[in-house]
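**Student:** If you scroll down you'll find the structure; I have some questions about it.
The values are calculated or read from the model by the stated rules, or taken from the named source; none is laboratory data. Note that the coordinates shown come from a computational prediction; the quantities given were computed from them, not determined experimentally. Methodologically, a virtual Cβ is constructed for each residue, glycine included, from the backbone with ideal geometry; neighbour enumeration extends over all protein chains shown. Calculation scope for accessible area: heavy atoms of the full protein, side chains included, ligands and nucleic acids excluded. Shrake-Rupley method; radii C 1.70, N 1.55, O 1.52, S 1.80 Å.
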Amino acid sequence: MSGNHGNAIGRRRYLKAASAAALASTVAGCAGGDGGGGNDSESTDGGGGGNGTTAAGGTGTETQAAIENPETRGEFLQVANRALHDQAPWVYLNRQYSVYGVANRIEWEARRDERIDGRAIEPTGGGDTVTITQSQMDSGLDPQDHRETPTDNIVLQAYEGLLTRDAEGTITTELASDYERIEPGRVRFTIREGPTFHNGDPLTPEDVAFSVNRIVNDDVGGLVSPQSDQLAGVTGAQVVDGERAVDVMSDGINPIVFALFASYGDMMQKSWVQNNDGAYINTHMNGTGPFRLANYQEGVQVVYERAPDYWGEPASAAGLTIQAAGESSTRVNQLLGGEADLAVNVPPQDVNRVRNADSAAISPVPSTRVVFNAMRYDLEPFSSPEFRQAMNYAIDIESIVENVLSGFADATGQPTLEGFTGFNSNVEPYPQNVERAERLVEESGFAGEQLTLHTPVGRYLKDVEIAQAVANQIDQLGNVSCEVRQREFSALAGEVTTGNIEDKPPFYLLGWGNATFDASQTIIPLVTSDGELTSYGSDRVDSLLQEAQSLPGNQESG
Amino acid sequence: MALGRFVLKRALQGIVVVWGVVTVVFGLRFITPGSPINVIAPLDASAETKRAIAQELGLDEPLYVQYADYVVGLLQGDMGYSYISNTQASSQVFARLPATLELAVVATIVAIAISIPLGVLSATRRNEPADYGATLFSLGGISTPNFWLGIMLVLVFAVQLEVFKTSGRGPGFGGALATLLTSGSVDGLLTWLSYITLPAITLGTYFTALVTRLTRSGMLDELGQSYIKAVRAKGLPETLVRYKHALRNTLIPVITVLGLQLGTLIGGAVITEAVFDWPGLGTLVINSITARDWPILQGSLVVIGVGFVLINLAVDTLYAYVNPQVVHE
């Protein structure tokens, strides 16, 4: 085993300073290109060398007109993505899709962030109510006391944030009518006039400041919110004297602060929270959203009715019900039997049932989750960039997407997904090239290695099948063999999340969702030297991220 | 007095069994891979967050302290707090119990209503088409996996014909009854039937087939007994011979099986509840396993175990009452 972990340690502190939790931030929306076209040669826009051990240059797959001197934050992130493609810390696999079954009785456009906004569902089949079936129910109705998407979908019908996103992920205003950066560590939200909570009281700046503080400060609002690191770097909020505005303070510049508030941070009424206990808040709702709670059956269903005095465009549906069925076939049955209008997470094996039905259709949308095989760079044979690249060349990811995932995925070639800030549109997925893979293995000096790929079971869509396909394709190389080891997710997660690279398996499959639509929130935690979940470190990538996090984002006002 | 001692003895045995169930259920968490902290904490949680979660769950205590806390908590009705669903485990478990009981009872009623007449018919018309039909039915019922049967019933009667609901519980029997009593409308009952019919058939089919076979063989056995010949010789009508004498004796073992099967239905409805998304203990068990929600999983298993013990106790008592020989043995 070779260790090249240590020489990057000096780089570590800045990342924490630049982005306090370094695990949930950036400015959303635009992908931005780094110019140029063409590909399939050597990397020049940041690829190659300087990962602290062995230079990876000279074996990259694509080359474009390079960003020679990155200046903007997006450009630094793009160059980092190019470098990460070439240095291949992962076997790049796929971007997961969210696949919905949609009844012909409604019109609805799926969002990339996996959230279902009931306001955007229009009943067209004669009825005026809509029923959604997802895979699980909520973990309580407190909008600031959960971390999972199913609960998000339930609370967001009644609660709103300062900012939000459109279906493509672009930031738009919601309870804030305006936002701007005042100084590096301070941004200002002007609070919209007109919104009222469902109990009839108007939204005030005090409510907004209280809501932000309840998330980021353990001693506010009787809650240690699990969402504090979703508002990464945010230290608190205060009402601006004499104005209908709230200032939000951060450690450092926090370039992704608006992206965070577009994805997280639901607003609650201060007095309502203070006058009720946790059990009440978890079973009742008092937001400003387009629907208000009509009936709550814990673990069974949530029924809403259209809020009569909603400040914005009222919802098309007069009523909304969200229920859950863990079995995908049950969700599809409910859809086809007319008992649900929208079914979440239709797996590939059930897609044809929906497609063949007259009453419903499939609506796939790229999600914000990337699935990859991490390779620990501090261990042989993955300490060799050539070997890591060989693993990428061994894989026919297009075939995996087509045959394992029925086409409901996109091949990836960098940590950042298309549509995210920092995505490098000139980087293509590695093409399968068995001969080149074998040659790179020989060059690495690790021919004859026997690999074990650890994979969780049932955590991600077709995770085991993907891992088996990957292992089988690696096994096809003449000079490397690979087998799959199936792991219970919490056991694997226990090893991956210790914060210590040495606790991780050498080679493992993982998925990572990033609802901030910003490259930094994938790269920092997963492939920088100081990342909580990192399997890789490189001076070059670290410094590129340091530069990026010290610059403002590209949507700094609205 | 002898019966009282018998029941007391059985009850004490039941307490030991319940203690065993509680111990095994507590131990499950430690023999399965992975820590519950990693399930609760997000992937990017810091070590401090994980330590705080461990402290809140009491996982930083020695094992014997955790065990003692758990048992004492259970005795006070406290099954622990579920951090995944942000609620007391006991409230979730007991909220789901009525749905499971409702399904089990209805499935049992359906099974009794079909199986005993069918078993008698089969026995009294031995080697006739009715017997062949009943035998075929019972063979099919025992051989058919209930998850497959449930899926087929849903596809045909709910998705294609839209006669019944694909899943869910609707208003429940209580809600339907309340509607009937307050408004006199049977709509609530019809809605309830549209929800419960398919899961009840699915859950009860194996049970129906089993009791049909048991009744048939019991009836054949009894009808061949000499006391039956005696009552026939006395000139008793055949109906009385069959139903007053033969069937009555046949029902003693059948009742025992019915009681035990009711316990099995409460604990064994997991698959049926999952197929029909029936909001009972079975679905709760599946969901809690998927989410690694230990307090709720443990609470559900304890309630199922205690239910089984109680039903066994009731059946033993009833059996001892009907057949006093058991007490003296």
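**Student:** Check B:Ile84 against each of (1) touching an Asp or Glu at 6+ places or on another chain (Cβ under 7 Å); (2) in the same structural domain as B:Ala209 (by TED's automatic domain parsing); (3) not small (Gly, Ala, Ser) and name the one condition it does not meet.
**Tutor:** With respect to (1) touching an Asp or Glu at 6+ places or on another chain (Cβ under 7 Å); (2) in the same structural domain as B:Ala209 (by TED's automatic domain parsing); (3) not small (Gly, Ala, Ser), B:Ile84 is out only on (2).
**Student:** Pairs under 9 Å by beta carbon, first residue more than 10 Å from every other protein chain (Cβ to nearest Cβ) and under 19 Å from B:Val302 (Cβ atoms) in the stretch B:272-291, partner part of a helix (DSSP H, G or I) and of a type in the set (D, E, K, R), six or more apart or different chains?
**Tutor:** B:Gly280/B:Arg96; B:Gly280/B:Glu102; B:Gly280/B:Glu273; B:Leu281/B:Arg96; B:Leu281/B:Glu273; B:Gly282/B:Arg96; B:Gly282/B:Glu273; B:Val285/B:Glu273
**Student:** Only residues that are free of Cβ contacts under 8 Å to residues at least 60 places away in the same chain and hydroxyl-bearing (Ser, Thr, Tyr): list them for the stretch A:151-186, please.
**Tutor:** Of everything in the stretch A:151-186, those that are free of Cβ contacts under 8 Å to residues at least 60 places away in the same chain and hydroxyl-bearing (Ser, Thr, Tyr) turn out to be A:Thr151, A:Ser177.
**Student:** Filter the helices (runs of 4 or more DSSP H) completely within the stretch A:389-488 down to those with at least 3 residues that are surrounded by 20 or more Cβ atoms within 10 Å (Cβ to Cβ) and of a type in the set (Val, Ile, Thr).
**Tutor:** Fully inside the stretch A:389-488 and qualifying: A:397-403, A:463-475.
**Student:** Run down B:Gly20, B:Gly73 and say which single residue is modelled with pLDDT of 90 or more, surrounded by 14 or more Cβ atoms within 10 Å (Cβ to Cβ) and under 25 Å from B:Gly305 (Cα atoms).
**Tutor:** Checking each option against the conditions leaves just B:Gly73.
**Student:** Here is a follow-up. Grab the helices (runs of 4 or more DSSP H) fully contained in the stretch B:1-107, keeping just those with 2 or more residues being out of contact with any helix residue (DSSP H, G or I) (no Cβ under 7 Å at 6 or more places or on another chain) and more than 14 Å from chain A (Cβ to nearest Cβ). Outline the logic, then answer.
**Tutor:** Numbers: elements: B:2-31, B:36-40, B:47-57, B:63-75.
Of the helices (runs of 4 or more DSSP H) lying wholly inside the stretch B:1-107, those with at least 2 residues that are out of contact with any helix residue (DSSP H, G or I) (no Cβ under 7 Å at 6 or more places or on another chain) and more than 14 Å from chain A (Cβ to nearest Cβ) span B:2-31, B:63-75.
**Student:** I need a count of the residues in the stretch A:309-352 that are more than 8 Å from every other protein chain (Cβ to nearest Cβ), under 16 Å from A:Gln134 (Cα atoms) and hydroxyl-bearing (Ser, Thr, Tyr).
**Tutor:** 2
**Student:** Specify which of the listed residues (A:Thr204, A:Thr196, A:Thr173, A:Thr190) is under 26 Å from A:Gly242 (Cα atoms), in contact with a Pro (Cβ under 7 Å, 6 or more places away or on another chain), open to solvent by 20 Å² or more (accessible area, probe 1.4 Å) and not aromatic (Phe, Trp, Tyr).
**Tutor:** Working: A:Thr204 fails: in contact with a Pro (Cβ under 7 Å, 6 or more places away or on another chain); A:Thr173 fails: in contact with a Pro (Cβ under 7 Å, 6 or more places away or on another chain); A:Thr190 fails: in contact with a Pro (Cβ under 7 Å, 6 or more places away or on another chain).
The unique qualifying residue is A:Thr196.
**Student:** Let me ask another. Just the residues that are in a loop (DSSP other than H, G, I, E, B), at the interface with chain B (Cβ under 9 Å from one of its Cβ atoms) and open to solvent by 10 Å² or more (accessible area, probe 1.4 Å), please, taken from the stretch A:498-544.
**Tutor:** A:Thr498, A:Gly499, A:Glu532
**Student:** So which residues in the stretch A:325-336 are open to solvent by less than 10 Å² (accessible area, probe 1.4 Å) and either over 20 Å from A:Val354 (Cβ atoms) or outside any helix (DSSP H, G or I) (or both), if there are any at all?
**Tutor:** Scanning the stretch A:325-336 gives a single hit, A:Ala325.
**Student:** Can you find a residue that is open to solvent by 20 Å² or more (accessible area, probe 1.4 Å), farther than 22 Å from B:Val120 by Cβ, in a helix (DSSP H, G or I) and at pLDDT 85 or above anywhere in the stretch B:252-272?
**Tutor:** Within the stretch B:252-272, one or more residues are open to solvent by 20 Å² or more (accessible area, probe 1.4 Å), farther than 22 Å from B:Val120 by Cβ, in a helix (DSSP H, G or I) and at pLDDT 85 or above.
**Student:** For B:Ile116, all conditions in the list (1) buried (at least 18 other Cβ atoms within 10 Å of the Cβ); (2) of a type in the set (A, V, I, L, M, F, W, C); (3) outside any helix (DSSP H, G or I) hold save one; what is the number of the exception?
**Tutor:** Result: B:Ile116 passes all but (3).
**Student:** Looking only at the stretch B:175-216, which residues are of a type in the set (Gly, Ala, Ser) and either in contact with a Lys or Arg (Cβ under 8 Å, 6 or more places away or on another chain) or in contact (Cβ under 8 Å) with a residue 24 or more places away in the chain (or both)?
**Tutor:** B:Ser194, B:Ala200, B:Gly204, B:Ala209
**Student:** Just for helices (runs of 4 or more DSSP H) wholly inside the stretch B:153-249: which have at least 3 residues that are within 30 Å of A:Arg353 (Cβ to Cβ)?
**Tutor:** Hits in the stretch B:153-249: B:187-223.
**Student:** Could you identify the single residue in B:Arg169, B:Arg126 that is surrounded by fewer than 18 Cβ atoms within 10 Å (Cβ to Cβ), basic (Lys, Arg) and assigned by TED's automatic domain parsing to the domain that holds B:Gly204?
**Tutor:** The conditions single out B:Arg126.
**Student:** Hey, another quick one. In this structure, does B:Arg242 turn out to be open to solvent by 10 Å² or more (accessible area, probe 1.4 Å), without any contact (Cβ under 8 Å) to a residue 12 or more places away in the chain and in the same structural domain as B:Ser217 (by TED's automatic domain parsing)?
**Tutor:** no
**Student:** Which ones in the stretch B:292-302 are open to solvent by 20 Å² or more (accessible area, probe 1.4 Å) and away from chain A (no Cβ under 14 Å)?
**Tutor:** B:Leu301 - this is the single residue of the stretch B:292-302 that is open to solvent by 20 Å² or more (accessible area, probe 1.4 Å) and away from chain A (no Cβ under 14 Å).
**Student:** Between a first residue in the stretch A:194-211 that is on the phi > 0 side of the Ramachandran plot and a second residue that is acidic (Asp, Glu) and open to solvent by 50 Å² or more (accessible area, probe 1.4 Å), which pairs have beta carbons less than 8 Å apart while being 6 or more apart in sequence or on different chains?
**Tutor:** A:Gly200/A:Asp309
**Student:** Can you tell which of B:Leu189, B:Leu223, B:Leu161, B:Leu203 is surrounded by fewer than 17 Cβ atoms within 10 Å (Cβ to Cβ) and away from chain A (no Cβ under 14 Å)?
**Tutor:** B:Leu189 is the lone residue from the list that is surrounded by fewer than 17 Cβ atoms within 10 Å (Cβ to Cβ) and away from chain A (no Cβ under 14 Å).
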